[in-house]
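Everything below concerns the one structure shown next.
The values are calculated or read from the model by the stated rules, or taken from the named source; none is laboratory data. Everything numeric here is computed off the predicted structure, so don't read it as measured data. All Cβ positions, even for glycine, are placed from backbone atoms using ideal geometry, and neighbour counts span all protein chains on display.
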């Protein structure tokens, strides 16, 4: 389900919209309340007027009716607490009856808007001392019986006809409704004649105080309810805003946490975070790999148990709260392997400068140390090469002279027996020294490789053929395997043949009869290299001598010069390749040669 973030301006808009809706609803409720009050007052007023008309009509139908009875009836009705006044007006605004008797006979302004079609007018007026009054103005017609439909004009005409023949009182018994006739007579008497005050109007004023109080209370309740709804709605919207913000903050924190975890997990260096007690909180995969441990087994443990380093007091450093940067230490794994490390420790502090933990950075220095060794070896080889080149020239000239003199004396004196043997030995040794000097010069001044595309398989097979007779004479079995579709390599064919020839001869000399030489060729496409593995089942190399085998003049053979592997190293270095060796005494040796496919 998609989450919707509601920003602050959205909240304000929603609150204003809610306020507008509540204002409109409240206004409509107030108007409806006012309309209800007016409708109620109108119904009550009309009911009073009808009651008054009915009372008047009933009185007029009686025998003892007098004009003063309408005034008394008005005065009695005016005693109702909600009645402000009752007035009956005749023609030209003459007051015929009034709830205040002293005003009878006076004149007031005739109400406007009342006609034959509009028989009812209602309005709100305000009087001093009384307040607001709801006034109802209506034609006063007490003779409008419920079952009479005769218009007033026809009734007046009938009355005139009855009066003109002088039979008003005599025909009572002949008319089915004699009471109505009596009422007509009383009405004429009340009006003061058939032609006067025919269009009478009744004004009823109802006090609005009680209704206004009720209406005021209702308005207050409506306003209070609107305020409550506004507060509740605003609180609900604010809660939604807070909830959305909470969700957004949680999502942002989750993204930051994931991002930070990915960054820490992707670091090339190891990282360990500690709490204030020195316990491991987090450890990234690199740190676990460097220490040779599993992440799950390290978390929660004391760092002093996990990272035991000689000559380094972690407890003291944690308590001191001081930084430690790039300190080289040696860590021994549980397998007994010593790993050179660069260790940095940075304390963590809160805003009150109180220690809350520390961060430990670990950098594996094995590759750096190996590169340093290679650089040192290259520098040493270069220095030895320069020295050897100078010495070789000084030695080669006397050797040539010695060989020449031996051959001269051999021809002149015709050596026989032991003399001939000694002379031959001298010539052989001079030749051997000359070969050593040639190798030394080749090592000191390596030729620039002439790169061309060649098949590494063909080069290896050619080098293997050169030692084929030696393999047969020593009864050594050779096996060769290769990946299919190996790419061609940019190398100097002669120099690479020299590399593999030296490695093969080295392996032959290390093995006794019935040994086994294994050659495997493959490719590492990710690194863009060809890998050649040459393994033998010979005597192996001791751990003490293993770092020295590529040094010039280092040899463990009685007749070795110590330049074969040094020359191999120099040639591969010139090709941008590398060589590594794995060996254990009495378990054989494996050389791994890596050559870039595209050359330098």
task = Considering (1) touching a helix residue (DSSP H, G or I) at 6+ places or on another chain (Cβ under 9 Å); (2) in contact (Cβ under 8 Å) with a residue 60 or more places away in the chain, say which one residue 578 fails and leave the rest.
result = (2)
query = If you check residue 432 against the conditions, is it assigned to a helix (DSSP H, G or I), out of contact with any helix residue (DSSP H, G or I) (no Cβ under 8 Å at 6 or more places or on another chain) and in contact (Cβ under 8 Å) with a residue 60 or more places away in the chain?
reply = no
request  = Scan region 401-424 residue by residue and report those that are in contact with a helix residue (DSSP H, G or I) (Cβ under 8 Å, 6 or more places away or on another chain) and part of a helix (DSSP H, G or I).
outcome  = 402, 403, 406, 407, 409, 410, 413, 419, 420, 423
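For every residue, the table says whether it meets (1) touching a strand residue (DSSP E or B) at 6+ places or on another chain (Cβ under 9 Å); (2) under 24 Å from residue 335 (Cβ atoms).
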residue	(1), (2)
245	no, no
254	no, no
264	yes, no
285	yes, yes
313	no, no
320	yes, no
Selection count where residues are closer than 12 Å to residue 565 by Cβ and within 60 Å of the chain's Cα centre (by Cα), scope region 483-515 = 2
query = Hey, residue 313 hits all of (1) within 30 Å of residue 567 (Cα to Cα); (2) without any contact (Cβ under 8 Å) to a residue 12 or more places away in the chain but one; which does it fall short on?
reply = (1)
inquiry  = Can you tell me which residue is nearest to residue 204 (Cα to Cα) among those in region 98-120 that are at pLDDT 85 or above and assigned to a strand (DSSP E or B)?
reply    = 98
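Residue-wise test of (1) surrounded by 13 or more Cβ atoms within 10 Å (Cβ to Cβ); (2) touching a strand residue (DSSP E or B) at 6+ places or on another chain (Cβ under 6 Å).
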| residue | (1), (2) |
| --- | --- |
| 418 | no, no |
| 425 | no, no |
| 428 | no, no |
| 441 | yes, no |
| 456 | yes, yes |
Which numbered condition residue 259 fails, given (1) part of a loop (DSSP other than H, G, I, E, B); (2) exposed (fewer than 11 other Cβ atoms within 10 Å of the Cβ) = (1)
key: Exclusive hit being surrounded by 13 or more Cβ atoms within 10 Å (Cβ to Cβ) and either modelled with pLDDT of 80 or more or outside the structural domain of residue 133 (by TED's automatic domain parsing) (or both), set 312, 253   = 312
query = Looking at this structure, is residue 233 touching a residue at least 24 places away in the same chain (Cβ under 8 Å) and under 33 Å from the mean Cα position of the chain (by Cα)?
reply = yes
Count of residues meeting criterion [over 18 Å from residue 521 (Cβ atoms) and crowded, with 16+ Cβ neighbours inside 10 Å] in region 475-491 = 1
task = With the condition kept exactly as written, say whether any residue in region 470-484 is out of contact with any strand residue (DSSP E or B) (no Cβ under 6 Å at 6 or more places or on another chain) and closer than 27 Å to residue 447 by Cα.
result = no
task = Would you mind stating whether residue 243 is over 30 Å from residue 27 (Cα atoms), modelled with pLDDT of 80 or more and under 50 Å from the mean Cα position of the chain (by Cα)?
result = yes
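Yes or no, residue by residue, for (1) at pLDDT 90 or above; (2) touching a strand residue (DSSP E or B) at 6+ places or on another chain (Cβ under 8 Å):
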position	(1), (2)
500	yes, yes
514	no, yes
517	yes, yes
525	no, no
554	no, no
557	no, no
562	no, no
570	no, no
576	no, yes
key: Qualifying positions in region 578-591 - in contact with a strand residue (DSSP E or B) (Cβ under 7 Å, 6 or more places away or on another chain) and farther than 15 Å from residue 502 by Cβ   = 578, 580, 582, 583, 588, 590
